[in-house]
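> I have a structure I would like to understand better, so I am pasting it below and will then ask my questions one at a time.
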Amino acid sequence: MKRLALTMAFILLSLIVRTVYSQDLTAVEILKKTDSVITAVKDAKTKTKTILIDKDKNEKIRESEIYERGKDKRLIRFISPADQKGIAFLSLPDDVQYVYLPAFHKVRRIASSAKNTNFAGTDFTYDDLSTFEYSPLCIPKLLETTNETYILELTPKPNVKKDYSKLKMWIRKDNFYPVKYEMYDKNGKLWKILERRKIEKVGNYWISKEVEMRDVKANHSTKMIIEKIEVDTGLSDDIFTERYLSKVN
């Protein structure tokens, strides 16, 4: 009996220690863990269905292919319908971005002043599409802890230029995957809401199979649904170039 009581006491103490430790995580630690989960994939190639939904619930459907490598390389290209085919975006290290519009047959570098522009009629700005890690860019504050999530408030660091004044992020406690973002404009009003759904394990990584960005002001949203994904296939650096950006299959 005495041994059983000691065992139960030890188990209870272990549970208390783990609970206290999880509650004692700082906002900075939580955000860094979240960044590490989001950027864990070495490289990925996805085929995605993109649905644009207007205020009257009318839908426009596009197909795209997305290539990603590491924390700071991403290429997005529409492959259908015909009037959108070939429109592409490339994000590279050091905040370098390019866009390709087949109608002009020219790759154009995106100026810093234009990074708040929506990409090809979607609700994602160029800046939204290039953001991988938040911890180098934002100061986090832990607003609330629930049974399932941490809720952080992020504000851009003094030397970082963003179009939002703050961002709220809901992060799952079990795997540190972010499931919801609220973005506020310079006047502190809610601007956009991003939700990540259908979060599944692909290989060793957590992946969201459905992402929706909703512009509250415009009453318009863009939903991206992954139809096929391949991870860690050894994507070549040649993909993340201006030359490949202008390639139309």
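The values are calculated or read from the model by the stated rules, or taken from the named source; none is laboratory data. Model, not experiment: these values are computed from the prediction. Backbone-built Cβ (ideal geometry, glycine too); neighbour counts: all protein chains shown.
> For S221, indicate whether it is under 17 Å from I66 (Cβ atoms), surrounded by 17 or more Cβ atoms within 10 Å (Cβ to Cβ) and at pLDDT 95 or above.
It is false that S221 is under 17 Å from I66 (Cβ atoms), surrounded by 17 or more Cβ atoms within 10 Å (Cβ to Cβ) and at pLDDT 95 or above.
Residues checked against (1) within 30 Å of Y100 (Cβ to Cβ); (2) touching a Pro at 6+ places or on another chain (Cβ under 8 Å); (3) touching a residue at least 12 places away in the same chain (Cβ under 8 Å):
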site: E153; (1), (2), (3): no, yes, yes
site: D163; (1), (2), (3): yes, no, yes
site: M169; (1), (2), (3): no, yes, yes
site: P178; (1), (2), (3): yes, no, yes
site: E210; (1), (2), (3): yes, no, yes
site: M213; (1), (2), (3): yes, no, yes
site: I239; (1), (2), (3): yes, no, yes
site: R243; (1), (2), (3): yes, no, no
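> Tell me which residues, restricted to the range 189-209, are among the charged types (D, E, K, R) and farther than 26 Å from N219 by Cβ.
Keep residues of the range 189-209 that are among the charged types (D, E, K, R), which gives 189, 192, 195-198, 200-201, 209.
Within the range 189-209, E200, K201 qualify.
> Further question: If you go through the range 61-86 one residue at a time, how many are under 26 Å from Y205 (Cβ atoms) and of a type in the set (A, V, I, L, M)?
Filtering the range 61-86 down to residues under 26 Å from Y205 (Cβ atoms) leaves 62-79.
Now narrow it down to the ones that are of a type in the set (A, V, I, L, M): 66, 75-76, 79.
Of the residues in the range 61-86, 4 are under 26 Å from Y205 (Cβ atoms) and of a type in the set (A, V, I, L, M).
> So, of the residues in the range 107-117 that are outside any loop (DSSP other than H, G, I, E, B) and of a type in the set (S, T, Y), which turns out to be surrounded by the most Cβ atoms within 10 Å (Cβ to Cβ)?
Of everything passing the filter in the range 107-117, S112 is surrounded by the most Cβ atoms within 10 Å (Cβ to Cβ).
> What number of residues in the range 224-237 are among the charged types (D, E, K, R), modelled with pLDDT of 95 or more and not in a strand (DSSP E or B)?
Here is the first cut: in the range 224-237, the residues among the charged types (D, E, K, R) are 227-228, 230, 232, 237.
In the following step, the residues that additionally are modelled with pLDDT of 95 or more were identified as 227-228, 230, 232.
Now drop any that are not not in a strand (DSSP E or B), which leaves 232.
Matching residues across the range 224-237 total 1.
> Another one. Tally time: how many residues in the range 118-135 are under 30 Å from F78 (Cβ atoms) and in a loop (DSSP other than H, G, I, E, B)?
10
> Kindly evaluate D83 against the criterion of being without any contact (Cβ under 8 Å) to a residue 40 or more places away in the chain and not in a strand (DSSP E or B). It would help to see each step written out before you state the result.
Working: without any contact (Cβ under 8 Å) to a residue 40 or more places away in the chain: yes; not in a strand (DSSP E or B): yes.
Considered against the rule, which asks whether it is without any contact (Cβ under 8 Å) to a residue 40 or more places away in the chain and not in a strand (DSSP E or B), D83 comes out as yes.
> Another question about this same structure. Would you point out which residue out of D94, D128 is within 16 Å of the chain's Cα centre (by Cα) and closer than 30 Å to K247 by Cβ?
Result: D128 is the single residue among D94, D128 that is within 16 Å of the chain's Cα centre (by Cα) and closer than 30 Å to K247 by Cβ.
> In the range 150-204, which residues are farther than 30 Å from T233 by Cα, touching a helix residue (DSSP H, G or I) at 6+ places or on another chain (Cβ under 8 Å) and in a strand (DSSP E or B)?
Within the range 150-204, Y150, L152, L154, M169 meet the criteria.
> Let me ask something additional. Can you tell me which of F104, F89 is in a loop (DSSP other than H, G, I, E, B), among the hydrophobic types (A, V, I, L, M, F, W, C) and over 24 Å from G203 (Cα atoms)?
F104
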